1. If only one of Val34, Val22, Val3 is within 16 Å of Thr61 (Cβ to Cβ) and not polar (S, T, N, Q), which one is it?
2. Anything in the range 42-55 that is open to solvent by 30 Å² or more (accessible area, probe 1.4 Å) and at negative phi? List them, or say none.
3. How about the range 12-31: which of its residues are in a helix (DSSP H, G or I) and within 14 Å of Ala51 (Cα to Cα)?
4. For the range 1-32: of the residues being under 8 Å from Leu73 (Cβ atoms) and in contact with a helix residue (DSSP H, G or I) (Cβ under 9 Å, 6 or more places away or on another chain), which is most open to solvent (accessible area, probe 1.4 Å)?
5. List the number of the failed condition for Ala58; all other conditions in (1) open to solvent by 30 Å² or more (accessible area, probe 1.4 Å); (2) under 15 Å from Val3 (Cβ atoms); (3) among the hydrophobic types (A, V, I, L, M, F, W, C) hold.
6. Considering only residues that are in a strand (DSSP E or B) and within 17 Å of Val77 (Cβ to Cβ), which ones fall in the range 42-54?
7. Please determine whether any residue of the range 67-79 is over 16 Å from Val22 (Cβ atoms), free of Cβ contacts under 8 Å to residues at least 60 places away in the same chain, surrounded by 13 or more Cβ atoms within 10 Å (Cβ to Cβ) and in contact with a helix residue (DSSP H, G or I) (Cβ under 8 Å, 6 or more places away or on another chain).
8. Is it the case that the range 33-41 has a residue that's in a strand (DSSP E or B) and open to solvent by 40 Å² or more (accessible area, probe 1.4 Å)?
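The values are calculated or read from the model by the stated rules, or taken from the named source; none is laboratory data. Predicted model, so just to flag it, every value in this text is computed and none were measured. In this analysis, Cβ positions are derived from the backbone assuming ideal geometry, glycine residues included, and neighbour counts consider all displayed protein chains. Accessible surface is based on the protein model in full, side chains and every heavy atom, while ligands, DNA and RNA are left aside. Shrake-Rupley method; radii C 1.70, N 1.55, O 1.52, S 1.80 Å.
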Amino acid sequence: MSVRILFLGPLQDLAGKQAAEVAGPLDWNGLLAVVGNEVAEQLRQERVNVACKGRVLADKTALVAEDGDEVALLPPVSGG
């Protein structure tokens, strides 16, 4: 089993892919290590959110994704 990481919006462009499968479990430091430097830099910004198991994490640094989980990387949304 693995953890599926979804790159959404401009994060997909930075990653050069829509999704990635990585070995679980996956924590915050592990996520930063596997997404690449450009995406990791964006994730460190407060305006970028992380969802796990369909829920946006209040504290993304507390990420704990197990085998079979999906982690979505959510860029800021703009609009009016």
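1. On the way: Val22 fails: within 16 Å of Thr61 (Cβ to Cβ); Val3 fails: within 16 Å of Thr61 (Cβ to Cβ).
Going through Val34, Val22, Val3 in turn, just one is within 16 Å of Thr61 (Cβ to Cβ) and not polar (S, T, N, Q): Val34.
2. Gln42, Arg44, Gln45, Glu46, Arg47, Asn49, Arg55
3. Here is the first cut: in the range 12-31, the residues in a helix (DSSP H, G or I) are 12-15, 28-31.
Correct list: Trp28, Leu31.
4. Looking at residues that are under 8 Å from Leu73 (Cβ atoms) and in contact with a helix residue (DSSP H, G or I) (Cβ under 9 Å, 6 or more places away or on another chain), I get Leu6.
5. (2)
6. Asn49, Val50, Ala51
7. No, that holds for no residue.
8. No - not one qualifying residue is present in the range 33-41.
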